[in-house]
1. On a straight-distance basis, which lysines could pair with Lys128 in a cross-link, Cα separation under 27 angstrom, same-chain partners fewer than 8 positions away excluded?
2. Length gain on complete extension for the stretch Gln7 to Asp40, per 0.36 nm per residue less the alpha carbon to alpha carbon distance?
3. Once both axes come from the Cα atoms, what is the angle between helix 91-111 and the longest principal axis of the chain, in degrees from 0 to 90, rounded to 10?
4. For Lys106 and Thr63, compute 0.36 nm times the residue count separating them, minus their Cα-Cα distance, and round to one decimal in nm.
5. For the chain, which span is the longest to avoid every loop-located (per DSSP) member of GluC sites (Glu not before Pro) having at most 11 other Cβ atoms inside 10 Å?
6. Over the Cα atoms of the stretch 33-138, what radius of gyration and what Dmax do you get, in Å?
7. Express the relative contact order of the stretch 28-140 as a whole percentage, based on alpha carbon pairs under 8 Å and six or more residues apart in sequence.
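Rule-based calculations on the coordinates, nothing more; no lab input. Nothing here was measured: the structure is a model prediction, and the numbers come from that model. Cβ coordinates were reconstructed from backbone atoms using ideal geometry, including for glycine residues, and neighbour counts include every protein chain displayed.
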Amino acid sequence: MTDKEYQTIPSLMLKGTEYGSLLETPNNILSIDQTPMLCDGLEETVRLWERGLDAFGMESHTTFAEEAYGAIIILRLAFKDLQQPLALVPRKEADEILKSFDEALKPMVRSYAQTPKLAKWYSGLPLKVAATYNRFRGQR
């Protein structure tokens, strides 16, 4: 996609991209092997958000973006752990990872407060991720 295409609400929600359907609903992720691509989509979402604020000459969002990227890296590791026959990450720690991801996205949600559709979509991402994680963890 070009920069102009990222200026619409659907494009910010990655609709029409390889990530769009994965971010749409947790039920679109059918196997644990799709979770790295889910995390790629989450990183792309943060990148687009960061790029949008960069276009306005803002700098305060950089720290928030770094926190979101860090939370996604840890989330990747939690999903990778589920590929093992027995998960090594204790349930309590997994819950903290999911909560940290939720907290990391809150600045993004707040930044779209004047665009309710985007705010709702961003606030729903942690719920979709948690539902996906819990579904795969529950299959053990």
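1. Filter leaves Lys15, Lys80, Lys92, Lys99, Lys106, Lys117, Lys120.
2. Extending this stretch completely gives an extra 9.9 nm.
3. Between the helix axis and the principal axis of the chain, the angle is about 10 degrees.
4. Length difference between fully extended and current span is 14.2 nm.
5. Between exposed loop sites, the widest span is 60-140.
6. 14.3, 48
7. Relative CO of the stretch 28-140 lands at 25 percent.
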